[in-house]
Each structure stands twice: as structure tokens, then as C-alpha cells.
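Shown next, in C-alpha cells, is the structure this report addresses.
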Amino acid sequence: MKKLFLIVVTLLFIVPYGEIDAQRRGKRVVKSEIPLEGTVFYIRNVKAQKYLDVSGAENSDKARSNGANVQLWTLDGGADQKFKFVPVGNGYYHIQTQHARMNLDVHGCFDGTWFCGTYKKDKGANVQVWSAGSSEPQQWKLEEVSPGRFYLKNKYSGKYLDASNSNIHKNGCNVQQWDKDSNTNKQWELVDVKSGMKYQQ
């Protein structure tokens, strides 16, 4: 009886500690109870295992300016790597930075604009941050690929958030939009800043 009691007590302590230790060692543990709305996330690229980041020091004018570039970077815990999903209806969200309350946005001109170098529906159009508005290029939908992995689809263009393959494993890798395919540079994990757990639908 005493042995059984010791086994039960030991298990009670080992299980939670193991979960905490897994987070510390960077294991990608999934916790489905994490709500999408109201949670602050790091957004991690599956292929690169680096994180969405706004170019420039988080308190700099550069990082807080309309048109600031979005890239991949090693996790540093800055507010310019933290994002919230703010619902806008029909399953779409603003992906809002936490250093300046700006939204992920697609660079370029709307269809119908003459003499424009880049259009917001172009394959390869750059992803930036911009003051929060209601326009469709600032709206994104999660499409689950497998538990805890997502495509992020832009409402206006119908294209997907993509990390450039040319320097995918380097800090500063550019983020753009591209046609959907099965490459993992278009797949993303939402990591809860507080717990280190991944969100899944």
C-alpha cells in the first residue's frame, strides 16, 4: 500500500514538471485549450523555426512607421515579435503587433490603380505593418494544415503568408505573400507567449 501511495505521489509531481521542462527545452507541445482571441502569440515559421518580427528596434521610429518590413528573426522576446489575432468577421482576423498596435498588411496598389510597380494581389508582394484599418489586405484567415500548423490566407489577394526560400534560415529572411503549396515555408505555428504552448483549432 505504501509503495502504491509513493508511485501515485511521484507521478503527480513528475507529470507537470515534465511539461514545464519540455517548454524550457523548446519542445513544441500543443495545448488546444489556448483561445485564439485575447492571447498574445509568437508566430513561428515551420521550416525556419524563426519568428515573425518587425524590422528595426521595437521602440525605434523605423519599427513604428507605416511600411515597416516584416521578416523572420531568432526569438528575442521583444514586443515587435508578439501578435494578437483581432476578429473582423467571417473567420478573418487582423494580426496586430504588440509594440505599436499595427496590423500585418500587404504592400502595393489596389487593382485599378495605373502605373503602379507592385499590386496587392501580386505573387511576391511584400508584407509590412500598417496603421490599423478595415481594408481587406490587413485581413487574414487561419487554415489548419495539421494540428498546430497553419496557412495564413490574405482576404484581398487570396495568397498566403510566405517566408522567402532564398535565405530561409537567416535572420532577416523576408516575408511576402505567395500562391498556396505544400512547402513548410508557408506554414506557421502560434506559440502562446505565456505558456510556450502551441495553439490548435
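The values are calculated or read from the model by the stated rules, or taken from the named source; none is laboratory data. On a predicted model such as this, the values are computed, not experimentally measured, just so you know. Glycine gets a Cβ as well: all are built from the backbone with ideal geometry, and neighbour counts include every protein chain shown.
At a glance:
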quantity	calculated
Selection count, the range 166-182, where residues are closer than 12 Å to residue 124 by Cβ and within 17 Å of the chain's Cα centre (by Cα)	5
Selection within the range 163-196 - assigned to a strand (DSSP E or B) and over 24 Å from residue 98 (Cβ atoms)	178
Exclusive hit being outside the structural domain of residue 42 (by TED's automatic domain parsing) and either over 24 Å from residue 64 (Cβ atoms) or crowded, with 20+ Cβ neighbours inside 10 Å (or both), set 200, 128	200
Some residue of the range 92-104 being touching a residue at least 40 places away in the same chain (Cβ under 8 Å), out of contact with any Asp or Glu (no Cβ under 8 Å at 6 or more places or on another chain), within 21 Å of residue 35 (Cβ to Cβ) and exposed (fewer than 14 other Cβ atoms within 10 Å of the Cβ)	no
Residues of the range 111-125 that turn out to be closer than 20 Å to residue 70 by Cβ and loosely packed, with under 15 Cβ neighbours inside 10 Å, as a count	4
Criterion (more than 19 Å from residue 52 (Cα to Cα) and either modelled with pLDDT under 95 or touching an Asp or Glu at 6+ places or on another chain (Cβ under 7 Å) (or both)) met by exactly one of 151, 199, 156	156
Considering residues of the range 160-180 that are in contact with a Phe, Trp or Tyr (Cβ under 6 Å, 6 or more places away or on another chain) and free of Cβ contacts under 8 Å to residues at least 40 places away in the same chain only, the residue surrounded by the fewest Cβ atoms within 10 Å (Cβ to Cβ)	180
Flag for residue 84 being among the basic types (Lys, Arg), over 17 Å from residue 158 (Cα atoms), touching a residue at least 24 places away in the same chain (Cβ under 8 Å) and in contact with a Gly (Cβ under 8 Å, 6 or more places away or on another chain)	yes
Residue 111, sole failed condition from (1) at pLDDT 95 or above; (2) in contact with a strand residue (DSSP E or B) (Cβ under 8 Å, 6 or more places away or on another chain)	(1)
